[in-house]
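Report on the following structure.
The values are calculated or read from the model by the stated rules, or taken from the named source; none is laboratory data. All of these numbers come straight from a predicted model, not from anything done at the bench. Reconstructed Cβ throughout: ideal geometry from the backbone, glycine too, with neighbour counts over all protein chains shown. Accessible surface is based on the protein model in full, side chains and every heavy atom, while ligands, DNA and RNA are left aside. Shrake-Rupley method; radii C 1.70, N 1.55, O 1.52, S 1.80 Å.
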Amino acid sequence: MELTSQKLRKIAPELDPLRIGTGWKPEDLSKPQIIIESTAGDSHPGSGHLFKLVEAVRRGVADAGGYGARYFCTDICDGESQGHDGINFSLASREMIANMIEIHANATPFDGGVFVSSCDKGMPGNLIGMARVNIPSIMVTGGTMSAGPELLTLEQLGMYSAKFERGEIDADKLIWAKHNACPSCGACSFIGTASTLQIMAEALGLTLPGSALLPATSPDLIDYAYNAGKRIVELAREGVKPSDIVTLESFENAILVHAAISGSTNCLLHLPAIAHEYGITITGDTFDRLHRGAHYLLDLRPAGKWPAEFFYYAGGVPAIMEEIRGVLHLDAKTITGKTLGENLDELKANGFYERCQKWLDEANKKYGISITKEDIIRPYDKAIGTEGSIAVLKGNLAPEGAVIKHTACPKEMYKAVLNARPFDSEEECLDAVLHHKVQKGDAVFIRYEGPKGSGMPEMFYTSEAISSDAELGRSIALITDGRFSGASTGPVIGHCSPEAMAGGPIALVEDGDMIELDVFARKLNIIGVKGERKTPEEMDAILEERRRNWKPHAKKYKKGVLRLFSELAASPMKGAYLEYE
């Protein structure tokens, strides 16, 4: 099989001299040419260390007889973007990263690609770009940061900040938390969006087995990157593309793993968008179906007890998959050339779990604790829960759906009738929550924050203010067409679709409406007005009257990337990818 790069060298005579001018040697030009695309940069801890992994990949490519070219499109940090309009650019950045990968890999010829990333939008951006380019490819994930003193992790900062605002802690304690929450490079040390997407990459069969979400400082991570570089040269010569590997069954495996780890709700944006590039339809209904009856096993923050670095010590993705082996598609293909089941058997035979146990023993000594693998990843028959971790709610308030992570929600809020308090921005709502302008039994709405409204930012500060409040955290719900951080906990419901900017029912909610929330019945409805219940037919008529009088808000962004994103973004429950038809 003639390599693509060699075909195009014959067509474009400028290629050889331009690459020689870049530093290639003449003998490199005939080798398999590998693009090493990464989000490396000084933007945040999750990307600051990726240069080392890129160089390890490059060494592996060279040792396997290929030539690796380094390309970069760094990502931004949701944490650094919180509290101001910077967070509005977050979801749009996923699309821009995918677009740049498409440009990089298609403008010049490459025979294969290794994609190196760690975090919230870099991971899905690279996975979307990988699918779109569809050359032989491997994902290398950048791992997770260490925990700080007292096992402090970054998602606790929202709690510390809310407590400081309420006068419950002094400035010194808040500064201590700020200075110690990120002691190393890597993705934030909890099962947020970054960690979830690293795990999803392995569950889809697109990483080397056992490589997802290692501690970012681990020497094992460098070894995995090097081996990915070697393997991609083989894949390039074999001509095996992501579309030859990824199927509907691959996505079902990923969603079953998502249920077992209580993964971020943002996965309901990212997996459908990735699947879309393969021509596969994944919706909120797919998640809801697979989460029903699924065993939730991972006792890591934010829903659980331990920081994310312990995931690898307990055996990582392979250990999760072993526990849920009976429900997985074990014949799913992977980038190793073997099936998922064959990979799992090989890891077990090659001492993978014994190596992980050694790391766990060292962590116990380091942190002065004494925990076992089963404290981190529960056995299947001793699951933390048996109803998955998310639910997709529907009703006249969310005809296309809305999502709640019920494993992070107080059980008191699983079923309730609440009083609507709508706000047209997060800033207004956050002020009301912090100063107790909302009451027990309220359903607090934040709307016009969907993809078409303001780019679909996280409602992180508001969700943390609610969940860290002893009274409100167990007595009110937050409902939005925006989204939440993977670190968010509490009675929070996001992705309400259709969104307000598109004229969805959330735009029609008025003060005093009665809101029905029923998690396990999957219901989210407006059932009354000013404390008076209405029949479904009466409620439909009221909403239709309100719709006739509703006027769309003016577009928030008149130019630039957010104008483009707001005009083309699909519904939150479809994945908010750019929709051209």
- request: Give 90, 47, 5 a once-over and let me know the one that is closer than 21 Å to residue 136 by Cα and among the hydroxyl-bearing types (Ser, Thr, Tyr).
  value: 5
Residues (open to solvent by 10 Å² or more (accessible area, probe 1.4 Å) and not β-branched (Val, Ile, Thr)) located in the stretch 120-135: 120, 132, 134
- prompt: So, in the stretch 152-181, of the ones that are in contact with a Pro (Cβ under 6 Å, 6 or more places away or on another chain) and surrounded by 22 or more Cβ atoms within 10 Å (Cβ to Cβ), which residue ends up farthest from residue 75 (Cα to Cα)?
  reply: 153
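For the subset of the stretch 280-291 comprising residues that are of a type outside the set (A, V, I, L, M) and in contact (Cβ under 8 Å) with a residue 60 or more places away in the chain, which member is surrounded by the fewest Cβ atoms within 10 Å (Cβ to Cβ)? First the steps, then the outcome.
Of the residues in the stretch 280-291, the ones of a type outside the set (A, V, I, L, M) are 281, 283-289, 291.
Filter once more, keeping what is in contact (Cβ under 8 Å) with a residue 60 or more places away in the chain: 283-285, 287-288, 291.
On the way: 283: 19, 284: 26, 285: 14, 287: 27, 288: 20, 291: 23.
Among those that are of a type outside the set (A, V, I, L, M) and in contact (Cβ under 8 Å) with a residue 60 or more places away in the chain, it is 285.
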task: Could you please give the count of residues in the stretch 311-342 that are farther than 21 Å from residue 137 by Cα, small (Gly, Ala, Ser) and open to solvent by 10 Å² or more (accessible area, probe 1.4 Å)?
output: 1
message: Quick check on this structure: which one of 252, 277, 238 is in contact (Cβ under 8 Å) with a residue 12 or more places away in the chain, among the acidic types (Asp, Glu) and closer than 20 Å to residue 321 by Cβ?
response: 252
query: Being within 20 Å of the chain's Cα centre (by Cα), open to solvent by 20 Å² or more (accessible area, probe 1.4 Å) and among the hydroxyl-bearing types (Ser, Thr, Tyr), is that true of even one residue in the stretch 269-278?
result: yes
- request: Could you check, for the stretch 528-544, whether at least one of its residues is surrounded by 17 or more Cβ atoms within 10 Å (Cβ to Cβ) and modelled with pLDDT under 95?
  value: no
- request: Name the one entry in 514, 501 that is open to solvent by 10 Å² or more (accessible area, probe 1.4 Å), of a type in the set (A, V, I, L, M, F, W, C) and in contact with a His (Cβ under 7 Å, 6 or more places away or on another chain).
  value: 501
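Which residues, taken from the stretch 441-479, are aromatic (Phe, Trp, Tyr) and open to solvent by 10 Å² or more (accessible area, probe 1.4 Å)? Spell out the reasoning first.
Of the residues in the stretch 441-479, the ones aromatic (Phe, Trp, Tyr) are 445, 448, 460-461.
Within the stretch 441-479, 448, 460, 461 meet the criteria.
Rundown of residues vs (1) surrounded by 14 or more Cβ atoms within 10 Å (Cβ to Cβ); (2) at pLDDT 95 or above; (3) over 23 Å from residue 312 (Cβ atoms), yes/no style:
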| residue | (1), (2), (3) |
| --- | --- |
| 350 | no, yes, no |
| 397 | yes, yes, yes |
| 408 | yes, no, no |
| 423 | yes, yes, yes |
| 430 | yes, no, yes |
- request: Among the candidates 53, 91, single out the residue that is hydrophobic (A, V, I, L, M, F, W, C), touching a Pro at 6+ places or on another chain (Cβ under 8 Å), open to solvent by less than 20 Å² (accessible area, probe 1.4 Å) and touching a residue at least 40 places away in the same chain (Cβ under 8 Å).
  value: 91
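Please indicate, with yes or no, whether at least one residue in the stretch 142-151 is over 20 Å from residue 45 (Cβ atoms) and either open to solvent by 20 Å² or more (accessible area, probe 1.4 Å) or assigned to a helix (DSSP H, G or I) (or both). Outline the logic, then answer.
Here is the first cut: in the stretch 142-151, the ones over 20 Å from residue 45 (Cβ atoms) are none.
No, because not a single residue in the stretch 142-151 is over 20 Å from residue 45 (Cβ atoms) and either open to solvent by 20 Å² or more (accessible area, probe 1.4 Å) or assigned to a helix (DSSP H, G or I) (or both).
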task: Please find, among 294, 308, 303, 363, the residue that is under 19 Å from the mean Cα position of the chain (by Cα) and open to solvent by less than 30 Å² (accessible area, probe 1.4 Å).
output: 308
query: Of all the residues that make up the stretch 1-22, how many are open to solvent by 90 Å² or more (accessible area, probe 1.4 Å), touching a residue at least 60 places away in the same chain (Cβ under 8 Å) and assigned to a helix (DSSP H, G or I)?
result: 1
field: Unmet requirement for residue 438, which otherwise passes all of (1) closer than 14 Å to residue 517 by Cβ; (2) in a loop (DSSP other than H, G, I, E, B)
entry: (1)
